[in-house]
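Undergrad: Pasting a structure here, questions to come.
The values are calculated or read from the model by the stated rules, or taken from the named source; none is laboratory data. On a predicted model such as this, the values are computed, not experimentally measured, just so you know. Positions of Cβ are backbone-derived with ideal geometry, glycine not excepted, and every protein chain shown enters the neighbour counts. Keep in mind that these areas ignore ligands, DNA and RNA; they rest on the heavy atoms of the full protein, side chains included. Shrake-Rupley method; radii C 1.70, N 1.55, O 1.52, S 1.80 Å.
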There are 8 protein chains.
Amino acid sequence: MASADTPWVGVIMGGKSDLEYLRPAIDILTELGIPHEVRVVSAHRTPDWMMEYASTAEARGLSVIIAAAGGAAHLPGMVASKTLLPVLGVPMPTTLLAGLDALMSIVQMPKGVPVGTQAIGKPGAANAALHAASILALKYPELRARLAAWRQARTDEVLRDRVLS
Amino acid sequence: MASADTPWVGVIMGGKSDLEYLRPAIDILTELGIPHEVRVVSAHRTPDWMMEYASTAEARGLSVIIAAAGGAAHLPGMVASKTLLPVLGVPMPTTLLAGLDALMSIVQMPKGVPVGTQAIGKPGAANAALHAASILALKYPELRARLAAWRQARTDEVLRDRVLS
Amino acid sequence: MASADTPWVGVIMGGKSDLEYLRPAIDILTELGIPHEVRVVSAHRTPDWMMEYASTAEARGLSVIIAAAGGAAHLPGMVASKTLLPVLGVPMPTTLLAGLDALMSIVQMPKGVPVGTQAIGKPGAANAALHAASILALKYPELRARLAAWRQARTDEVLRDRVLS
Amino acid sequence: MASADTPWVGVIMGGKSDLEYLRPAIDILTELGIPHEVRVVSAHRTPDWMMEYASTAEARGLSVIIAAAGGAAHLPGMVASKTLLPVLGVPMPTTLLAGLDALMSIVQMPKGVPVGTQAIGKPGAANAALHAASILALKYPELRARLAAWRQARTDEVLRDRVLS
Amino acid sequence: MASADTPWVGVIMGGKSDLEYLRPAIDILTELGIPHEVRVVSAHRTPDWMMEYASTAEARGLSVIIAAAGGAAHLPGMVASKTLLPVLGVPMPTTLLAGLDALMSIVQMPKGVPVGTQAIGKPGAANAALHAASILALKYPELRARLAAWRQARTDEVLRDRVLS
Amino acid sequence: MASADTPWVGVIMGGKSDLEYLRPAIDILTELGIPHEVRVVSAHRTPDWMMEYASTAEARGLSVIIAAAGGAAHLPGMVASKTLLPVLGVPMPTTLLAGLDALMSIVQMPKGVPVGTQAIGKPGAANAALHAASILALKYPELRARLAAWRQARTDEVLRDRVLS
Amino acid sequence: MASADTPWVGVIMGGKSDLEYLRPAIDILTELGIPHEVRVVSAHRTPDWMMEYASTAEARGLSVIIAAAGGAAHLPGMVASKTLLPVLGVPMPTTLLAGLDALMSIVQMPKGVPVGTQAIGKPGAANAALHAASILALKYPELRARLAAWRQARTDEVLRDRVLS
Amino acid sequence: MASADTPWVGVIMGGKSDLEYLRPAIDILTELGIPHEVRVVSAHRTPDWMMEYASTAEARGLSVIIAAAGGAAHLPGMVASKTLLPVLGVPMPTTLLAGLDALMSIVQMPKGVPVGTQAIGKPGAANAALHAASILALKYPELRARLAAWRQARTDEVLRDRVLS
């Protein structure tokens, strides 16, 4: 049902090769029924389109932006510089440094422009979606319920199989 | 005016020695008029009080939790495991590894329990407050206006003195 | 014979995917005849069960806890916060940072709550079992003898084939 | 004589606190008689001014841009995305990670938008100026001569005092 | 009362300059009434004395060895190779790499010879003493009580001053 | 058309195994019609040939040198010490440290001899060619046009496929 | 001819799995006609045999010891503590940290006991043999000639194929 | 007495600011009566003088070269490329990365040209002198005796004060 509505969350990435690592974010947003859009927005190859995307996001109805990038990962921070919306950053492990470079480039933002950074790669992508959900749940009680159920299901999953020997 | 009201943001830290680095968060919350409380909550020395703090936060009216810790920094992630509220983590540079250990311990959360990690030390503390503001601004238009003004003031500050020679 | 008795050692891990790396610990405990139990206990997905596991461990007769986790590895430190038993931590290489993040998250514990940290991955798992054995050997002379024999066998193995050319 | 003319080199930095580390660049440009301008251009606090600065640089007569930034250092890469001029990046050691974060954020640019990265801090600033000089020397033979003399002077300096005991 | 009795814990260090960082270990052992001895034992300068110390430790009545060293920190691992007693290692920050080298040298032990590694520097020294106490508490109920009280005192300390604003 | 003319750019590498990673540089130089030569020049195995190559480069008509090396990567810096031409360095990921050693060895040049360092591996190789093009474009307007077209093509590529869902 | 004579060089390693990485050392010693022996000597599993090996090496006629180890690599440093012979250390990439741990454990020796550390893995193994040869060449002119020829052959190899395009 | 004779050891450094860290090397060479010379030889500022120094070293009677450098430390490796003498490298902590960059630049030499790398800074400088002594002791029995005495004195020093409490 999600992406038919006006999107609440914008999921953007520096290049199409990041999509593989971002898939868990998209899957969780869909599973939680959070309307979203998915776009390639390259800070370096399409800076104008990035500035436009970021500066119009709020007016278009978005509430949260999830931005993923690898290497010298400038996308999350630059988008954050052009919007007041909360921006969540996901470091992509797409260079030879396994995402450590992207982590540094995303998390070490100077005072004034925050990015809520998640873990490197797929776990971070999943958590960006869950963090977006926890933000949106402040406004939407039924989303809060779905998030609570998602979290409980994972707890139950562990508890069910907790005895190995 | 802030901390007289029911707090919207809980600012917690692993030990009182973190307060020095967290000060910019408290100052910005105050400046933006965001009601908040400040507590020492040690994951390791007071695990029960931590569990209680986290699990009652939402019911007590908090909307966002800012958690700071150094070294093997478990506070943000553990609090996040006990609440559906968005949790923002700030790595403290209180060991000999200058906060790199705390950054790893906070940001590399497994799939399922997100922490929106900020930069190490004071810039991260300031940004945690601003990120909390951007989340709360989704609900409170007048806070959005104050946040926009805060951001604009910093832009103006740079522009005013941009020519050095 | 081991796991039929009341267990002396609890072997716990953050997720079932850690089992592969923990196998050497279980094998050595079995080989040395140390009764043990193996459980999945997730700090983040099952915090209440973790608190319960840790706080009842001593009363249930456990003497040592071996806790393994990857990424922002909070399990060993949190368990240590809820028990007076010696806790041994094993960093799991389950993220893109090859266990360096888990090592930092486990070893850099603040003053007050110790975790005896072992090497990353399988060698660390094996050594956690041996360290548990050396602790239990203080009480059980026959276990000391078995441990001494295990160590001697490895010495003999090296000495037998030491001349390569 | 330098900065009276139309500047050939733009020296920009993310914040005024970077000036201390950039001073060697400015001194060498002045010493070599290379007209230059010095500006604060913050990628995060003044993104529009940064985009304007970068996109008009070539038309205003600049030939090379030296950009310095610390932490999640986005300035050099973002400027490079908006100009065809060669951009030289200097990582600033202004966070608790001593410039390692800035180095990663500047040097690990994706295919398509290069930044010629120099060493962290003052040596890198000096070398950015010398690199700019070597680029400009391709066009200006008298600058090439001044650069050759500068380099020779340093060689002579070492040779003069090379015998310590 | 502690060090008059036959020592239960041997506290050894690679050089006298480590004593400053080890002081918290000695203080806590004394506070908990655990008899101990303190020795300089250099793996590199006094290898024979190290071998003798380690191989006679158990017969002399020691139950646990705490070994601290910096740089290429071989003391904990080598002592562990010559005794079946549990050995706890404390990385000392005595080189220009702030203890990261010592951490690697102590924690990354190969399968067969475990060292229970603690945090770098003073917090690790304190925790080594507490870990030794938790091991000895398995045998000595009154020590367990003193350890429980020590831990409770720290919990109380946090709780008493937890409200900052 | 490129490599038939007197070369403008010298592409050199420490060993033939680097060629795989340098290929994107050669491809882009060819695509942009920049005459170039490709040579193996080992700083360690052929120091005299390296000194000769570097010191005669300018006289032979080269304008820019791209130098790639792995491990203790001395080639870019040593070539830079023997020429006034701009030297661009590309760290090769040919050791077990994935190019981090080469990055340090290339970028951390002391004051006096600059190397414009690019990213590790293939993206850095491509960007070295583009950086060389941006330097040469200062002199050759038609090359500037080709570079602008190359950059625009990549922008268009992103924009065309930017909507994923 | 080499290993039939009284060995001049002892090549030792912490475990048989290191042999694969040490092979280049053995091949070069053989190629240069340097008599040598190859042994497994584990610092942790066979500390007594290690002490004996090191303390009798000089009397048995060895002139240089090449010691390789991975992880918490104590072998080179401990051997160096028991002999006045020059000891060359080779870090083995046998843990999940790719040899960085072994490098730290070998190179960061405290004042008083030196280890001449080589690169991680195979290149370091080859270089340990060459370094041993350069030491022995001080005494044996014909070995110096063979070493010179070996080096020249590699120079010629590069020069022969230096033109790629 | 040492430096009046034809020097056996050449101690060289990239800049005079390294002298402070190299002092322990010079002191130990003097103490052991090893004739030596001390020179500033900059790989980057005086490449020709470096090539000359290295290529004439053997003919001038030197037996060992100790080379110290910081940052992108090319001096040890380049000298090693121009001589068959054993070269010992000492990483200098003269940049903001505390010598880690110099360590990488010195130790990660490719197959063919070895550098016997010592620890970062003063301990490494002292050990370079001791390593040189151990090499020269193969030829000069009376130096071997002095080296043995030096080592014994340090052992005695530890043993004398080994009991702290």
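Undergrad: If I filter the range F:135-165 down to residues being open to solvent by less than 60 Å² (accessible area, probe 1.4 Å) and among the β-branched types (V, I, T), which single residue comes out as farthest from the chain's Cα centre (by Cα)?
TA: By that ranking, first place goes to F:V158.
Undergrad: Another question, if that's okay. Is there a residue being without any contact (Cβ under 8 Å) to a residue 24 or more places away in the chain and out of contact with any Ser or Thr (no Cβ under 6 Å at 6 or more places or on another chain) anywhere in the range D:8-24?
TA: Yes, the conditions are met somewhere in the range D:8-24.
Undergrad: Only one of A:E20, A:E31 is within 14 Å of A:A126 (Cβ to Cβ) and in contact with a Phe, Trp or Tyr (Cβ under 8 Å, 6 or more places away or on another chain). Can you tell me which?
TA: Only one candidate passes the filter, namely A:E31.
Undergrad: Within the range H:2-37, track down each residue that is of a type in the set (V, I, T), within 24 Å of H:R151 (Cα to Cα) and open to solvent by less than 10 Å² (accessible area, probe 1.4 Å).
TA: H:V9, H:V11, H:I28, H:I34
Undergrad: Identify the single condition in (1) within 7 Å of chain B (Cβ to nearest Cβ); (2) among the basic types (K, R); (3) in contact (Cβ under 8 Å) with a residue 40 or more places away in the chain that A:R146 does not satisfy, given that it satisfies every other one.
TA: (1)
Undergrad: Of these, E:E20, E:E37, which one is of a type in the set (D, E) and assigned to a helix (DSSP H, G or I)?
TA: Only one candidate passes the filter, namely E:E20.
Undergrad: Residue check, B:G10 against (1) among the small types (G, A, S); (2) touching a His at 6+ places or on another chain (Cβ under 9 Å); (3) at the interface with another protein chain (Cβ under 7 Å from one of its Cβ atoms), all met but one. Which one?
TA: Failing condition for B:G10: (3).
Undergrad: If you scan the range D:81-113, which residues turn out to be more than 11 Å from chain A (Cβ to nearest Cβ) and β-branched (V, I, T)?
TA: Scanning the range D:81-113 gives D:V87, D:V90.
Undergrad: Kindly provide the set of residues from the range B:49-80 that are more than 8 Å from every other protein chain (Cβ to nearest Cβ) and open to solvent by 20 Å² or more (accessible area, probe 1.4 Å), ordered by number.
TA: If the condition is that a residue be more than 8 Å from every other protein chain (Cβ to nearest Cβ) and open to solvent by 20 Å² or more (accessible area, probe 1.4 Å), then B:E52, B:S55, B:T56, B:E58, B:A59, B:R60, B:G61 are the ones that fit.
Undergrad: I'd like to check something: does the range D:127-134 contain any residue that is within 9 Å of chain F (Cβ to nearest Cβ) and either assigned to a strand (DSSP E or B) or over 14 Å from the mean Cα position of the chain (by Cα) (or both)?
TA: No, the range D:127-134 contains no residue that is within 9 Å of chain F (Cβ to nearest Cβ) and either assigned to a strand (DSSP E or B) or over 14 Å from the mean Cα position of the chain (by Cα) (or both).
Residues are listed down the side, and each one gets a yes or a no for (1) free of Cβ contacts under 8 Å to residues at least 12 places away in the same chain; (2) farther than 25 Å from G:Q108 by Cα:
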position: E:T6; (1), (2): no, yes
position: E:I28; (1), (2): no, yes
position: E:R39; (1), (2): no, no
position: E:T46; (1), (2): yes, no
position: E:A59; (1), (2): yes, yes
position: E:A102; (1), (2): no, no
position: E:V107; (1), (2): no, no
position: E:K111; (1), (2): yes, no
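Undergrad: Which residues, counting only those in the range C:97-118, are within 11 Å of the chain's Cα centre (by Cα) and either more than 19 Å from C:V9 (Cα to Cα) or in a loop (DSSP other than H, G, I, E, B) (or both)?
TA: Once the filter is applied, which keeps residues that are within 11 Å of the chain's Cα centre (by Cα) and either more than 19 Å from C:V9 (Cα to Cα) or in a loop (DSSP other than H, G, I, E, B) (or both), the range C:97-118 yields C:V115, C:Q118.
Undergrad: Then there's this: Restricting to the range E:149-165, give me the number of residues that are under 18 Å from E:D27 (Cα atoms) and either assigned to a strand (DSSP E or B) or at the interface with another protein chain (Cβ under 8 Å from one of its Cβ atoms) (or both).
TA: Of the residues in that region, 2 qualify.
Undergrad: Quick one: would you say H:P123 is in a helix (DSSP H, G or I), at the interface with chain G (Cβ under 10 Å from one of its Cβ atoms), open to solvent by 40 Å² or more (accessible area, probe 1.4 Å) and of a type outside the set (A, V, I, L, M, F, W, C)?
TA: So H:P123 passes the test.
Listed here are the residues, each with its yes/no results for (1) in contact with a Lys or Arg (Cβ under 9 Å, 6 or more places away or on another chain); (2) more than 8 Å from chain D (Cβ to nearest Cβ).
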{"residue": "H:L22", "(1), (2)": "yes, yes"}
{"residue": "H:V38", "(1), (2)": "no, no"}
{"residue": "H:S42", "(1), (2)": "yes, no"}
{"residue": "H:R45", "(1), (2)": "yes, no"}
